[in-house]
Amino acid sequence: MLGDNVGNSLGTAKGFDITSSPQTFTDQVSPLHADEYYKFTLSNRSSFNLGLDGLSADADVQLIQDLNNNGVVDNGEQVAISQLGGSSAESIAQTLNSGTYYIHVYPYGNSTTNYNLTVSAIRDRAGNDLNSAYGISLGAGMTTYTDWVGKADGDDYYTFNLNSSSNFSMQLSGVTTSVDAQLLNATGNVLSNATANSTTPNPVLASTLDTGKYYIHISPHSGDSYYNLSLSATPKPVDNQIVPTSSDATTTISTPILTTAAASNPVITTAASNTRIVAGTLRADTFTYQPGYSLTVFSGNGDVDFGNYKQIGDKALDILDLSKIAFSSVTWNQADTNTGGVLYNPGNGTRLFDAVTLNDGSEILFEDINKVIFADKTIDLSVTPNDPLFDQQWNLHMMGVENAWRFTQGSNQVLVGIADTGLGTDSSGNIHPDLRATNFVGNNYLDESAKVSHGTSVEGVIGAAGNNGVGISGINWNSPILMIDVVGGDAGDEDLVTATQTMIDRAKANGQHLVVNLSISGGDSSEFDQLVTKNQDNALFVFASGNGDTNGLADPAILAQTHSNVMAIGASWGSHDYYGKATTPGDRITYAGWWGSNYGSGLTLMAPSEYIAPSATRNADGTFSFAYNSNFNGTSAATPNASGVASLVWSADSHLTASQVRDVMSQTAYDLGTPGYDTTTGYGFINADAAVRRAIALSRGMA
């Protein structure tokens with residue numbers, strides 16, 4: 001019903017994700033529903049636009065920032081207001097800094113009217129001078145960036161490096177007034193320029209550029225304007241260069257795509273454009289630089305051996321060996337969440353790389369590397385928390401989580417919902433000491449279902465307190481967690497559908513994205529279908545594939561076959577199985593006569609199982625004793641790994657949709673089994689570091 005779909009106060013405001021594409025909300029205001037509030041968050045300074053039309057009577061609109069976070073509009077918290085008379089359309093156009101904002105729609109006097117509220121915001125990504133220029137990576141395909149310039153943002157600068165002579169093309173489009181564009185060389189001198197206006201709306205600059213660094217400068221010619229900047233750089237053909245075969249790798253000549261392997265040695269792919277791409281395994285790899293290439297790319301791909309560093313030293317780490325090069329002789333460009341690093345597409349999606357530029361201009365890009373060794377300096381890149389059991393958490397190491405933590409450890413813009421058994425409590429009513437503060441629904445938190453609290457282990461994997469000197473580290477240290485007991489049919493327990501709807505409602509009320517972890521199977525997947533469909537953009541459902549060792553996913557994981565915001569997670573071994581027998585990291589878990597990870601159409605990703613996690617065991621008096629289970633197993637153990645990493649990806653770029661988070665994780669996964677997607681291992685094994693770096697690249701406007 002119109003007029004009853006939006007919150008009536010700041011505290012109950014309807015949350016939504018604002019994007020550069022206009023979104024329209026249709027509702028009604030009247031004396032009965034006199035105040036309607038919407039809520040959105042900006043992670044960057046943005047050009048904000050709002051329109052209120054479709055009015056049959058007088059209604060006004062106000063933009064608010066609750067700086068005191070008290071749910072009341074205080075003095076100075078009104079950012080803008082539009083109060084035209086009659087049924088005239090209202091509008092607000094404003095440059096906004098990062099933060100959380102509210103839109104207040106209300107009738108004038110006793111008016112009753114339907115309305116259409118249309119909102120959009122284009123983020124200001126580009127730097128404002130040469131020193132802060134926004135780093136981009138160009139390839140043969142056209143890449144488009146959307147931004148704006150005007151009175152509040154007079155200069156936008158981009159920078160890129162060419163590793164070989166290339167045919168460069170730049171086109172401006174989508175301007176709303178008039179915009180100037182300049183191509184600059186490394187010293188800032190203008191090489192060429194163009195103006196986009198009503199007479200020439202889509203000017204193109206095309207030229208052949210030599211190897212080197214370049215800048216693009218966009219400025220307003222007249223008034224404020226949006227613009228689309230489309231770029232490409234196609235390397236000019238050069239003679240193929242054969243790479244000398246090394247003793248620890250295979251060598252091929254092929255197109256520049258990233259190739260992975262299940263073997264224990266790195267795989268090298270060499271392109272005709274004088275590029276060397278080296279992909280590591282799921283174990284410790286040492287990468288050695290070979291001169292003679294304009295661009296070298298190293299991908300560590302996770303390291304199951306990382307926790308053995310104290311025993312075997314550097315042999316346990318993914319290492320980039322530059323020991324023949326002095327750090328003092330190179331340009332170091334460390335990746336970060338602002339402007340650091342270099343964006344590059346090795347063949348499975350543009351993402352953010354750390355970079356070293358040598359004094360001859362050649363460049364080394366790398367990701368998922370624990371340590372870089374120079375002749376005169378060693379740089380440790382992993383985040384190593386002080387939790388005493390972290391060394392045993394091979395599940396995190398194999399996914400490269402300690403490298404992903406460099407960029408994010410979670411965000412309050414993401415809610416992780418867990419439908420499980422509830423949590424075990426001790427004689428004082430406390431949950432496991434390694435778990436962070438947890439949200440519940442009323443008093444529905446106690447695990448009454450079994451001798452061992454399954455929910456305690458699942459929640460610990462996702463969100464145990466990190467770097468607090470206790471037990472293990474959870475994957476996500478900051479995002480709030482909502483645990484709902486759905487097992488046992490005890491008083492207060494919710495069924496799966498009701499629990500999921502509760503999570504959705506909680507996330508919407510707080511303006512958050514939602515990751516739903518379901519490490520249990522059963523029920524009728526059709527009951528979930530409507531919930532999944534209605535929450536296509538803002539809720540990601542992560543389900544266990546099942547433990548039957550059969551071809552066919554369990555309910556409700558089977559929904560991954562038809563819904564892009566559902567992931568079905570299978571279970572992989574690390575370096576040893578439950579009984580201590582050596583295994584190949586990444587292989588699907590299967591035991592004769594016991595359990596195995598279900599597979600089949602819809603299987604999305606593989607994640608670790610049979611690893612250490614917090615445990616709670618029931619005593620005779622009904623209370624629980626706390627410890628750690630060294631072999632938390634089943635696909636129910638694999639699933640929280642995927643949920644935890646998904647919450648990091650969404651924290652790295654809150655503008656992604658649920659389907660995009662799944663795409664990011666699938667695209668960056670370490671390929672297993674048959675090359676490409678297969679029904680035995682899905683898209684492959686989760687790579688947390690690559691996925692977060694991919695999300696950051698998307699947040700910087702890359703396709």
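So here's what we get for this one:
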| quantity | calculated |
| --- | --- |
| Answer residue from the stretch 407-441, given it is assigned to a loop (DSSP other than H, G, I, E, B) and among the charged types (D, E, K, R) and is surrounded by the most Cβ atoms within 10 Å (Cβ to Cβ) among those | ASP434 |
| The stretch 477-521 - residue that is out of contact with any Gly (no Cβ under 6 Å at 6 or more places or on another chain) and on the phi > 0 side of the Ramachandran plot and, of those, modelled with the lowest pLDDT | GLY489 |
| In the stretch 116-163, the residues that are closer than 22 Å to THR234 by Cβ, out of contact with any Ser or Thr (no Cβ under 9 Å at 6 or more places or on another chain) and not aromatic (Phe, Trp, Tyr) | THR159 |
| Hits in the stretch 123-136 (condition: at pLDDT below 80 and either surrounded by fewer than 22 Cβ atoms within 10 Å (Cβ to Cβ) or in a strand (DSSP E or B) (or both)) | ARG123, ARG125 |
| Residue in the stretch 436-446 that is within 23 Å of the chain's Cα centre (by Cα) and among the small types (Gly, Ala, Ser) present | no |
| Candidates GLY400, GLY417, filtered to the one that is under 18 Å from the mean Cα position of the chain (by Cα), farther than 25 Å from GLY135 by Cα and not aliphatic (A, V, I, L, M) | GLY417 |
| Residue ID - farthest from the chain's Cα centre (by Cα), chosen from residues in the stretch 571-587 that are part of a strand (DSSP E or B) and surrounded by fewer than 22 Cβ atoms within 10 Å (Cβ to Cβ) | ALA582 |
| Sole residue being of a type in the set (D, E, K, R), modelled with pLDDT under 95, farther than 24 Å from GLN660 by Cβ and in contact with an Asp or Glu (Cβ under 8 Å, 6 or more places away or on another chain), chosen from ASP537, ASP524 | ASP524 |
| Subset tally (residues that are touching a Lys or Arg at 6+ places or on another chain (Cβ under 7 Å), of a type outside the set (A, V, I, L, M) and touching a residue at least 60 places away in the same chain (Cβ under 8 Å)) for the stretch 292-342 | 4 |
| Residue match in the stretch 541-556 (condition: under 30 Å from GLY11 (Cα atoms) and touching a residue at least 24 places away in the same chain (Cβ under 8 Å)) | yes |
| Of residues in the stretch 167-224 being assigned to a strand (DSSP E or B) and among the charged types (D, E, K, R), the one surrounded by the fewest Cβ atoms within 10 Å (Cβ to Cβ) | LYS213 |
| Hits in the stretch 54-73 (condition: surrounded by fewer than 15 Cβ atoms within 10 Å (Cβ to Cβ) and either over 35 Å from the mean Cα position of the chain (by Cα) or touching a residue at least 40 places away in the same chain (Cβ under 8 Å) (or both)) | SER56, GLY71, VAL72 |
| Some residue of the stretch 377-392 being closer than 30 Å to ASN619 by Cβ, aromatic (Phe, Trp, Tyr) and under 28 Å from the mean Cα position of the chain (by Cα) | yes |
| Filter pass, ALA419 being touching a strand residue (DSSP E or B) at 6+ places or on another chain (Cβ under 7 Å), assigned by TED's automatic domain parsing to the domain that holds ALA695 and of a type outside the set (Phe, Trp, Tyr) | yes |
| In the stretch 435-460, the residues that are in contact with a Leu (Cβ under 9 Å, 6 or more places away or on another chain), within 18 Å of PRO480 (Cα to Cα) and touching a residue at least 40 places away in the same chain (Cβ under 8 Å) | LEU435, THR438, ASN439, PHE440, VAL441, TYR445, THR456, GLU459, GLY460 |
| Counted residues, the stretch 136-188 - those being small (Gly, Ala, Ser) and more than 22 Å from THR208 (Cβ to Cβ) | 6 |
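The values are calculated or read from the model by the stated rules, or taken from the named source; none is laboratory data. Because the structure is predicted, anything quoted here is derived from the model rather than measured. No Cβ is skipped: glycine too gets one built from the backbone with ideal geometry, and neighbour counts run over all protein chains shown.
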